Amino acid sequence: MTSEKIVSSEPDPKSEGKTRTNSTFNRVFRYSLLRLVSMMITVTIGVYLTILIANMGGYVDTIMRNEIRDNTTQAILANPNYRSLSTEAKANLIKTKIATEERRLGLDQPFAVRSMRYLKNALTLNLGRAINMKSDQGSKEVRLILLERLPATLLLTGSSSLLLFFASVYIALSLSRKYGSFWDKIMIAFSPTSAAPPWFYGIFLILIFAAIFRILPFGGLVDSPSPDNPLDYGLSVLKHLILPASAVIISSIFISIYNWRTFFLIYSSEDYVEMAKAKGLSERDVERRYILRPTLPTIITNFALLLITLWTGFIITETVFLWPGLGRTLFSAIGFFDTPVIVGSTIIYAYLLAITVFLLDFVYALVDPRVKVGSGGGGSK
């Protein structure tokens, strides 16, 4: 009798698990690489457009050349060492000095060539030196100028935006339980007030509390001269923070509550929520498991994008309140045509936005089991 070797046709679980793991890793790797490349292209295009806009089609170059010509001419004519020179010699000296200064600033090259150099420096975070602006320490390094203004912006935008976000979500969730109540109607009625920007409310707050009642300062970060005692210094900063932070919160609180309240109402009317209530689950459990959990990706997205906006600050609001933050710095840079400061602020924001958008896809996969990174033809589903 011939013995035959029997081969099992059942699949090996370990082999299947390894294959599945490799497939998942390859899918995530391909997706991540594709997203990084696409975001880098987007950032590059955005920064280059910022460079073109900041130069205003060559208008800034014209301004710089005129300033160099005027300053050089006045400096040589006012210098007593050159008074003995003939008119022709002075003209040649002025021409040489102007050419040297233009060469130092790169103005002797076409803007297309210089824009590529600006783009390379921006993408490598070599922010360079400002043209007209200086830090409080006298440095023209763009990096130092931005870092010096960052704490004030984080204080204003962080305190007001974070308070606005968490208060809006909490109040909206509370109102979604009481649809059609008195307070719900009040919030709906006041939501159009958010059409006005923060600086608009800031002007009225300054007029009322600083000019009329004189109980709060007009603007600035701290009293002048600043207190030496750390406690008094902190209280002075807090006093100066009240009006700008209130302007930011008042301008957005009602529309933010209205948006979140509508969002929660949509999810609370789903069939699975009604089924959960029919099963006898408490209201808190229904909210936590069937309303808040499905909306978590949206809440995380809004919170992440809010954190990014902390970098830019509130440009006009900071200017109205003389708040020494990044927003006011960017406003001054636009007025001074200081391209390096404008590009430096933009590239940092662009990188923060790209990194946040990239990481959010993975966060979605962690908080929502329905999401798989890289599935469905390269998207998160």
What Kirkwood radius, in Å to one decimal, follows from the Cα pairs of segment 28-120? 16.3 Å
Let's test the formula: R0 of 25 Å, r as the Cβ-Cβ distance of ASN26 and ILE300. What FRET efficiency results, to the nearest 0.05? 0.40
Under a point-charge model restricted to the Cβ atoms of Lys and Arg (+1) and Asp and Glu (-1), what is the dipole moment magnitude of segment 82-134 relative to its Cα centre, in debye to the nearest 20? 160 debye
For the pair VAL37 and SER174, the simple spin-label estimate (label points 7 Å beyond Cα toward Cβ) gives in nm 5.1 nm
What residues have an amide H closer than 5 Å to that of ARG129, excluding those fewer than 5 places away on the same chain, when H is modeled at 1.01 Å from N in the peptide plane? VAL142
5 Å binning of all Cα-Cα separations within segment 223-381, expressed as whole percents from 0 upward: 1, 7, 10, 12, 13, 14, 12, 10, 8, 6, 4, 2, 1, 0
If you put +1 on each Lys and Arg Cβ and -1 on each Asp and Glu Cβ, how big is the dipole of the chain around its Cα centre, in Debye rounded to 20? 540 debye
Which cross-chain or sequence-distant (5 or more) residues have an amide H under 5 Å from the amide H of GLY220, H modelled 1.01 Å from N in plane? LEU322, TRP323
PHE362 versus ILE266, label points 7 Å from Cα toward the beta carbon: distance in nm? 2.9 nm
Placing +1 on each Lys and Arg Cβ and -1 on each Asp and Glu Cβ in the chain, then taking the dipole about the Cα centre, the residue among ALA350, GLY234, ILE208 whose Cα reaches farthest towards the positive end is ALA350
Of the residues ILE348, ILE257, ILE45, which exhibits the maximal mean-square fluctuation in a Gaussian network model of the chain defined by a 10 Å Cα contact cut-off? ILE45
Top of ASN132, ASN66, ASN259 by mean-square fluctuation, Gaussian network on the chain, Cα under 10 Å: ASN66
Compute the orientation-averaged projected area for segment 142-337 from the convex hull of its Cα atoms and round it to one decimal in nm². 14.4 nm²
Can you name the helices of the chain, as whole DSSP H runs, whose Cα span along the helix axis is 15 Å or more and whose Kyte-Doolittle mean is not below -1.0? 13-55, 59-78, 111-123, 142-177, 230-268, 293-312, 339-367
Choose one answer from MET64, MET39, MET275: the residue with the largest mean-square fluctuation in a GNM of the chain with alpha-carbon springs under 10 Å. MET275
Between TRP183 and SER139, what is the spin-label point distance in nm, taking each point 7 Å from the Cα along the Cα→C-beta axis? 4.9 nm
With a Förster distance of 56 angstrom and the Cβ-Cβ distance between LYS279 and ARG69, calculated FRET efficiency to the nearest 0.05 equals 0.10
Working out 0.36 nm times the residue gap between SER86 and ASN132, then minus their Cα-Cα distance, what length gain in nm do you get to one decimal? 13.3 nm
Of [x] 70, 47, 42; [y] 75, 37, 35; [z] 119, 83, 40, the label for Cα extents along the principal axes in Å derived from the coordinates: [z]
Select from TYR179, THR262, THR295 the residue farthest towards the positive end of the dipole of the chain; place +1 on Cβ of Lys and Arg, -1 on Cβ of Asp and Glu, and compute about the Cα centre. THR295
Among SER161, LEU36, THR312, the residue whose Cα sits farthest towards the positive end of the charge dipole of the chain (+1 at Cβ of Lys and Arg, -1 at Cβ of Asp and Glu, taken about the Cα centre) is LEU36
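We did not get these values from a lab; they are worked out from the coordinates using the rules stated. Please read all numbers here as calculations on a predicted model, not as lab measurements. Every residue, glycine among them, receives a Cβ derived from its backbone with ideal geometry; neighbour counts consider all protein chains shown.
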